[in-house]
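What follows is a single structure, written as structure tokens, with notes after it.
Derivation of every value follows stated rules applied to the coordinates shown; laboratory data play no part. Just so it is clear, the structure is predicted and the values come from calculations on it, not from any experiment. Cβ placement follows ideal geometry from the backbone for every residue including glycine, while neighbour counts extend to all protein chains displayed.
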Amino acid sequence: MENCIFCKIIAKEIPSYPIYEDEDVYAFLDISQTTPGHTLLVPKKHVSDIFDYDETLASATFSRLPKVARAIESAFPELAGLNIINNNKELAYQTVFHSHIHLVPRFTKADDFAIHFGNHTGKATAQEMTDLAQKIAEQVK
Ligand code: AMP
Ligand code: ZN
């Protein structure tokens, strides 16, 4: 897609630091290096976000995650963890609108990285939880 920075990276029109490539995906270093080895995995086909994938493209893309994760694990014997993150839409921190998956290697609690999961356990009633699940479940196609 025109004016998409990741399409340009995939097409080698702008440089990147390659990790892995095949017919479906490209993995390369994230320029921000949140932690050393911070990697992005992208489908070569331009899709904006998770809502754009069909099952074939999702299989091709997400199935490559363990391969790249294991490469990071092997490259860093000191690795203590790995966060895998996929931001969708601006509110959810997406800034590049060619879908991508972050692999963020974790080394110590002092890593320049954080996620906050609010914990609201017990605040919704069982009926509210049932209704919420049903509202989503009936939309699964
Ligand atoms: P997100 O905020 O989830 O959309 O992530 C976009 C990511 O793309 C950020 O972590 C940026 O650092 C990264 N990024 C932007 N431009 C480049 C580039 N030219 N090469 C590698 N990574 C990039
Ligand atoms: Zn693109």
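Of LEU82, LEU91, LEU103, which is the most mobile in a GNM of the chain whose springs link Cα atoms less than 10 angstrom apart? Most flexible of the set in this elastic network: LEU91. For the pair ILE31 and ILE85, the difference between a 0.36 nm per residue extended length and the Cα-Cα distance amounts to 17.9 nm. What net charge is computed for the residues neighbouring PHE76, neighbours being all others with C-beta under 12 Å from the C-beta of PHE76, Lys and Arg scored +1, Asp and Glu -1? Residues close to PHE76 contribute a combined charge of 0. Length available on full extension from HIS116 to GLU128: 0.36 nm per residue minus the Cα-Cα distance, which gives 2.0 nm. Take every pair of alpha-carbon atoms less than 8 Å apart whose residues are at least six positions apart; their mean separation over the length of the chain yields a relative contact order of 23 percent. With a ≥ b ≥ c the root eigenvalues of the C-alpha gyration tensor of the chain, is it rounded (a/c under 1.5), prolate (a/b larger than b/c) or oblate? Since a/c reaches 1.5 but b/c is at least a/b, the shape of the chain is classed as oblate.
Highest mean packing comes first when the peptides 122-132, 18-28, 45-55 are listed by Cβ atoms within 10 Å, giving 18-28, 45-55, 122-132. Counting lysine pairs in the chain whose alpha carbons fall under 16 angstrom apart, excluding pairs fewer than 8 residues apart on the same chain, gives 4. Let me know the shape class of region 62-133, please: from the alpha-carbon gyration tensor, a ≥ b ≥ c as square roots of the eigenvalues, rounded when a/c is under 1.5, otherwise prolate if a/b is greater than b/c, or oblate. Because a/c hits 1.5 or more and a/b exceeds b/c, region 62-133 counts as prolate.
Computed per residue of the chain from DSSP H runs no shorter than four, each worth -39500 (n - 2.57), the mean residue ellipticity at 222 nm is -7500 deg cm²/dmol.
Relative contact order for region 11-78: 24 percent, from Cα pairs under 8 Å spaced at least 6 residues apart, divided by residue count. Rounded to the nearest whole Hz, the Karplus-based 3J(HN,Hα) values (6.51 cos²θ - 1.76 cosθ + 1.60, θ = phi - 60°) of region 71-76 follow the sequence 4, 5, 4, 5, 6, 10, with x at glycine and proline.
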